[in-house]
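**Q** Let me give you the structure first, and then I'll get to my questions.
The values are calculated or read from the model by the stated rules, or taken from the named source; none is laboratory data. Predicted model only: the values in this text are computed from it and were never measured. Positions of Cβ are generated from backbone atoms using ideal geometry, with glycine treated the same way; all protein chains shown enter the neighbour counts. Note: areas computed on protein heavy atoms with side chains; ligands, DNA, RNA excluded. Shrake-Rupley method; radii C 1.70, N 1.55, O 1.52, S 1.80 Å.
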Amino acid sequence: MSHFDDLLSEGAAVPTEGWDFSWFRGRATEERPSWGYAGLLAERMAAAEAALDLQTGGGEVLAALPAVPPLLAATESWPPNVALARRNLARFDAEVFEADAAADLPLPSSRFDLVTARHPVVTRWDEVRRVLRPGGSCLSQQVGPGSVRELTEFMREQPPEGHPFPGPVATTAGAGAVEVSLAAEAAGLDVVDLREEALRTEFHDVAAVVHFLRKVVWIVPDFTVERYRERLAVLHGFMERHGPFVAYSRRLLVEARRP
């Protein structure tokens, strides 16, 4: 097999469960937002009595916290991640609910004083407000508009389609700061903090690209190695001659409070 084929096989073989990105070390890099979501999350969780983490993946972010509230719950839509999150969060006695990202939350109203979400695919701000207690807050780091669009455009050989806006009280990954703020406010929340940054991302080999596109499925939704082999070959040649492929991730930080 050629070096290119070896890289394709390697990228295709890495498991995609959970949100552990340690495999990318040395193969891809991404700048981190200046606000430090992990630190903000740790502060909020340490002060909360009851917290809910939406679309938790494999629970890796929560599992790394030094302290959690007496009551901790999480939701996740992908069954392999649900099982992983239950294992990772078992030491906190956290309850992990399998729930579609866009569906009503399977939880009682006014139950939590903190709701969190890191990179949610969909945010149902109306449901966030419903499960929050009066005075409770939601802290979320979201994928901003056109995130890694350079890679999307390269793989498709055309600009990506516009991100859908599913209604007045919900936003999808890729929604901008204005859309997020308006949707949260339409659901009855007060937006108290809203920030946006573009972050340099580098892919150092085509295996990293393959694994990234398999793991972060909304970047190129119809991606398979076979379907995009020709474009991957072009990208491999570029990297061999010129070095890393550079794109920019967009991130939003939003904090909203229920009156």
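**Q** Take the residues in the range 23-45 that are open to solvent by 50 Å² or more (accessible area, probe 1.4 Å) and not basic (Lys, Arg); name whichever of them is nearest to Pro120 (Cα to Cα).
**A** Among residues in the range 23-45 that are open to solvent by 50 Å² or more (accessible area, probe 1.4 Å) and not basic (Lys, Arg), the one nearest to Pro120 (Cα to Cα) is Ala38.
**Q** Okay, moving on. Just a yes or no: is a residue in the range 130-148 open to solvent by 50 Å² or more (accessible area, probe 1.4 Å), under 19 Å from Arg258 (Cα atoms) and of a type in the set (Lys, Arg)?
**A** For the range 130-148, residues open to solvent by 50 Å² or more (accessible area, probe 1.4 Å), under 19 Å from Arg258 (Cα atoms) and of a type in the set (Lys, Arg): present.
**Q** Are any residues in the range 216-233 over 15 Å from Thr152 (Cβ atoms) and either surrounded by 19 or more Cβ atoms within 10 Å (Cβ to Cβ) or more than 24 Å from the chain's Cα centre (by Cα) (or both), and if so, which ones? Break it down stepwise before answering.
**A** At the first step, the residues of the range 216-233 found to be over 15 Å from Thr152 (Cβ atoms) are 224-226, 229-230, 233.
Selection gives Glu226, Arg229, Glu230, Ala233.
**Q** Still on this model: Would you check which residues across the range 12-56 are touching a residue at least 24 places away in the same chain (Cβ under 8 Å), among the small types (Gly, Ala, Ser) and in a loop (DSSP other than H, G, I, E, B) and list them?
**A** Scanning the range 12-56 gives Gly18, Gly26, Ser34, Ala48.
**Q** So which strands (runs of 3 or more DSSP E) are wholly in the range 157-259 and hold at least 2 residues that are closer than 29 Å to Thr116 by Cα, at pLDDT 90 or above and basic (Lys, Arg)?
**A** Numbers: elements: 170-172, 190-203, 245-257.
Answer list for the range 157-259: 190-203, 245-257.
**Q** Regarding the range 90-105, can at least one residue be identified that is part of a helix (DSSP H, G or I), buried (at least 17 other Cβ atoms within 10 Å of the Cβ) and in contact (Cβ under 8 Å) with a residue 40 or more places away in the chain? Even if it seems obvious, please write down each step before you answer.
**A** Let us first name the residues in the range 90-105 that are part of a helix (DSSP H, G or I), namely 90-92.
Narrowing the set further to residues that are buried (at least 17 other Cβ atoms within 10 Å of the Cβ) leaves 92.
Narrowing the set further to residues that are in contact (Cβ under 8 Å) with a residue 40 or more places away in the chain leaves none.
Checked against the condition, which is being part of a helix (DSSP H, G or I), buried (at least 17 other Cβ atoms within 10 Å of the Cβ) and in contact (Cβ under 8 Å) with a residue 40 or more places away in the chain, the range 90-105 yields no hits at all.
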